[in-house]
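Report on one structure; see the data block that follows.
The values are calculated or read from the model by the stated rules, or taken from the named source; none is laboratory data. Please read these numbers as outputs of a predicted model, since none were measured by experiment. Quick reminder, even Gly has a Cβ in these numbers, built from the backbone with ideal geometry, and neighbours come from all protein chains shown. In case anyone asks, the SASA skips ligands and DNA or RNA and just uses the protein heavy atoms, side chains included. Shrake-Rupley method; radii C 1.70, N 1.55, O 1.52, S 1.80 Å.
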Amino acid sequence: MCDDGAPPRARPQDRRLSRRQVLQGMVALAALSGCTAGSGSERAAAAFTAPLGPRSPAAGRLEARIIAMHLHASASEGVGSVRSQLAQAAMHGYDVAWFTEHDWRRRRLLFRRTYSFVPGEVQNGAAWELVRRPDSGTPARGSGGSQVGDPVSPADPATPKASLRIRTTSSGDGPAAVSYAIEARGGSRTNYRSRIAGRVEKLDVLAVATGPDAWGEVLLSLSHHPATGGRPEGVYAVRYRLRTDVRERAVSSEGLTGIVDVPVPAGRWHEVTLDPVTDLAEIYPDMDSRDHSLHDIVFRGVSRRAAPSDVVFGHLRLEEQDGYDAVGVEHDLVASYAGQVPEVLGLIGSEISLGPHLNQYGGEQVPYDYGPVRRLGDKPGEDAYPSIVDHIHAAGGLACINHPGVPVTTLLAQRTAADMIEVGFGTGGPDGIARQLAMWDTLSRNGLFLTGNGSSDDHTGQRWEQQGNRYYTAAWAERVAQPELLDALGRGRAFVGYLGSFAGTVDMALDDATPMGAVVVGAPRERTLRIDVTGLPDGGAVELVRGVVDRAGPADATPGTTVVQTFGAGELDRAAAVPLDVSGDCFHRVQVVDGAGAIVAYGQPIWTLADRPPRVPANRLVAG
């Protein structure tokens, strides 16, 4: 997991392929299909990207450590798992996968605890609905379902209360199913989607008409995992078949779907407990069953051989289990997978996201106090940014402003103390980055020293190379270890690239000594900049950007930047000592453009100021 020095070099006679090389080769083989670099939307939706390979080291034994930042897994609302994200990181040549699960989903804050199947029933300020899914097989005419006021579970204390009754008869010998799924989008924010660990589901069931060829079932759709145990990659599920014709619980599987036969009595209400963590561990003992999200809850009536099925579902409860440590489970998962994916370091952060979205990297992952929120609409607004940043700093972490939708004027008025801002972000890829670059440059113009990082915000754990948003951050660090990575990110010793469009490195130094990300304070004098860029795209160039630092504030919230020099592939030798205009307070940074002029990589600024600003991170400050 942790690289304590330079990576070992294979001896010339050692031609065995590492596991990472095999995975990367699977991605690179897609190039044989005739993919071209493309531009615009073609670039953002490219069918393949070659994996990132070895990179040139910088001075001081530092190497570019490639980080997938802002990843979601099985504690969030997508189908990604920790294991699938680690597999993607390895396949694409990354060194680090930094997980930042939604904090309120991790805690299951404002999650619904009960559902009485009443149409429009509101809990925590929002309603769940039932949506009919496409039928499976060919149900006979008259098959269907509805929410009814009778019969209802006598154990449900709600007033009013209802139930879901599904009647299904197949039109032939083959199986047929009628399905209804819980729909909790919009204001409900899918407030059941989170890790399956630490809770069980309980349900009251009335089997009106069932038998060997007819039953009710509950389908829980879970998370995506890579191929394992002879099974292909894909999204797993577990089906709870509620059977009146069996006397004992039994488990089996059909590919990626686990099956649990649950005995229920005929003709009377009965409580069943769904414990997918325990059941999946028995069905798939080669997997860590905690690494799944409860993605969908589907109620089904199933029939075969024209046998009638009539089942009533009522009083659903999602019960928390005592002693569940969500962050501890995440640490357990990355530790348990270290042997399977040793080439990628898994790290645990948090996305504080009930209101404004900020990531915490490093430090203790302690809950942010949202105050007395009782409804999903009670989320904090933009005025909470300073409080969240203070919380992250108090916990020992770096604070990052995510997919910035907040007006830059707000951050200027607040004089944000955040450490990073997601500049490399967006499904439009390089063609949509201009807004974030302008926002970042505006902050730099105002003496706010933030690292502009890049991230994907991926929730799927699948095919990073096909996603429009596939930015990575590379930290110049001696080791692949959290302390060194945090230090590099906090200092601005990092660059950002777009996977598939840039696989080189970006660095620079003022007067051949002061590193990228520094804030240099001293009297103006002649200065030079050494620009170090490798892996320039075909037809691409390096642009040197200059911006004034005049602290214009919200009244002039513009970047004030200019591209002052451009270096093509044959001109990079001139970049060894570029004279700088530092006649006034300013900053310089470099960016890499491809042959179409789109920005596919960028480095961090170096600020040159005559006087020390009122607030500057100590690890960035250089007297000069």
For Leu376, work out the one condition from (1) in contact with an Asp or Glu (Cβ under 6 Å, 6 or more places away or on another chain); (2) open to solvent by less than 40 Å² (accessible area, probe 1.4 Å) it doesn't fulfil.
(1)
Is it fair to say Arg189 is basic (Lys, Arg) and free of Cβ contacts under 8 Å to residues at least 40 places away in the same chain?
no
Please indicate, with yes or no, whether at least one residue in segment 116-126 is open to solvent by 30 Å² or more (accessible area, probe 1.4 Å), outside any loop (DSSP other than H, G, I, E, B), without any contact (Cβ under 8 Å) to a residue 60 or more places away in the chain and small (Gly, Ala, Ser).
no
Just one of Val563, Val592 is within 30 Å of Gly468 (Cβ to Cβ), under 29 Å from the mean Cα position of the chain (by Cα) and of a type outside the set (D, E, K, R); which is it?
Val592
Give all pairs with beta carbons closer than 6 Å in which a residue from segment 170-182 that is surrounded by fewer than 20 Cβ atoms within 10 Å (Cβ to Cβ) and small (Gly, Ala, Ser) meets a residue that is in a loop (DSSP other than H, G, I, E, B) and modelled with pLDDT of 95 or more; count only pairs at least 6 apart in sequence or on separate chains.
Ser171/Thr138; Ser171/Ala140; Gly174/Gly137
Has segment 490-500 got at least one residue that is aliphatic (A, V, I, L, M) and closer than 17 Å to Leu398 by Cβ?
yes
Is it the case that some residue within segment 438-448 is within 28 Å of Phe111 (Cβ to Cβ) and among the basic types (Lys, Arg)?
no
Out of (1) modelled with pLDDT under 95; (2) touching a Pro at 6+ places or on another chain (Cβ under 8 Å), the odd one out for Ala575 is which?
(2)
Test: Arg105 is open to solvent by less than 40 Å² (accessible area, probe 1.4 Å) and charged (D, E, K, R):
yes
Spans of strands (runs of 3 or more DSSP E) in segment 523-624 with at least 3 residues crowded, with 18+ Cβ neighbours inside 10 Å, at negative phi and hydrophobic (A, V, I, L, M, F, W, C)
527-534, 541-548, 586-593, 599-603, 606-609
Exactly one condition in (1) over 25 Å from Thr460 (Cβ atoms); (2) not in a strand (DSSP E or B) is not met by Gly301; state its number.
(2)
Would you check which residues across segment 202-224 are assigned to a loop (DSSP other than H, G, I, E, B) and among the β-branched types (Val, Ile, Thr) and list them?
Thr210
Considering only residues that are of a type in the set (A, V, I, L, M, F, W, C) and in a helix (DSSP H, G or I), look in segment 383-404 and name the one that is surrounded by the fewest Cβ atoms within 10 Å (Cβ to Cβ).
Ala394
Qualifying residue in segment 412-426 (condition: crowded, with 22+ Cβ neighbours inside 10 Å, assigned to a loop (DSSP other than H, G, I, E, B), charged (D, E, K, R) and more than 14 Å from the chain's Cα centre (by Cα)):
yes
Any strands (runs of 3 or more DSSP E) falling wholly within segment 241-297 and containing at least 1 residues that are free of Cβ contacts under 8 Å to residues at least 24 places away in the same chain, within 25 Å of Pro154 (Cα to Cα) and open to solvent by 30 Å² or more (accessible area, probe 1.4 Å):
257-263
Among the residues listed as Ala127, Ala184, Ala177, the single one being in contact with a strand residue (DSSP E or B) (Cβ under 7 Å, 6 or more places away or on another chain) and of a type in the set (A, V, I, L, M, F, W, C):
Ala177
Quick one: in segment 183-196, of everything that is part of a loop (DSSP other than H, G, I, E, B) and of a type in the set (Lys, Arg), which residue is most open to solvent (accessible area, probe 1.4 Å)?
Arg185
Leading residue by the ranking (most open to solvent (accessible area, probe 1.4 Å)) among those in segment 225-240 that are over 24 Å from His315 (Cβ atoms), assigned to a strand (DSSP E or B) and in contact with a Gly (Cβ under 9 Å, 6 or more places away or on another chain)
Arg231
Looking at segment 504-516, can you tell me whether even one residue there is among the aliphatic types (A, V, I, L, M) and touching a helix residue (DSSP H, G or I) at 6+ places or on another chain (Cβ under 7 Å)?
no
Could you grab me the full set of residues in segment 427-438 that are hydrophobic (A, V, I, L, M, F, W, C) and either within 17 Å of Met69 (Cα to Cα) or surrounded by 22 or more Cβ atoms within 10 Å (Cβ to Cβ) (or both)?
Ile433
Taking segment 494-514 and keeping only residues that are under 23 Å from Tyr361 (Cβ atoms) and within 23 Å of the chain's Cα centre (by Cα), one is left with Ala494, Phe495, Val496, Gly497, Tyr498, Leu499, Phe502
Out of Asn469, Asn453, sole residue that is crowded, with 22+ Cβ neighbours inside 10 Å, part of a loop (DSSP other than H, G, I, E, B), touching a residue at least 24 places away in the same chain (Cβ under 8 Å) and touching a Ser or Thr at 6+ places or on another chain (Cβ under 7 Å):
Asn469
Flag for Val327 being under 23 Å from Ala89 (Cα atoms) and in a helix (DSSP H, G or I)
yes
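Rundown of residues vs (1) out of contact with any helix residue (DSSP H, G or I) (no Cβ under 6 Å at 6 or more places or on another chain); (2) surrounded by fewer than 16 Cβ atoms within 10 Å (Cβ to Cβ), yes/no style:
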position	(1), (2)
Asp325	yes, yes
Glu330	yes, no
Gly339	yes, yes
Glu343	no, no
Asn359	yes, no
Gly371	yes, yes
Val406	no, no
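Okay, residues lined up against (1) surrounded by 15 or more Cβ atoms within 10 Å (Cβ to Cβ); (2) over 30 Å from Asp325 (Cβ atoms):
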{"site": "Gly142", "(1), (2)": "no, yes"}
{"site": "Gly149", "(1), (2)": "no, yes"}
{"site": "Pro157", "(1), (2)": "no, yes"}
{"site": "Arg167", "(1), (2)": "yes, yes"}
{"site": "Gly198", "(1), (2)": "yes, no"}
{"site": "Ala207", "(1), (2)": "yes, yes"}
{"site": "Ala214", "(1), (2)": "yes, yes"}
{"site": "Leu219", "(1), (2)": "yes, no"}
{"site": "Ser223", "(1), (2)": "yes, no"}
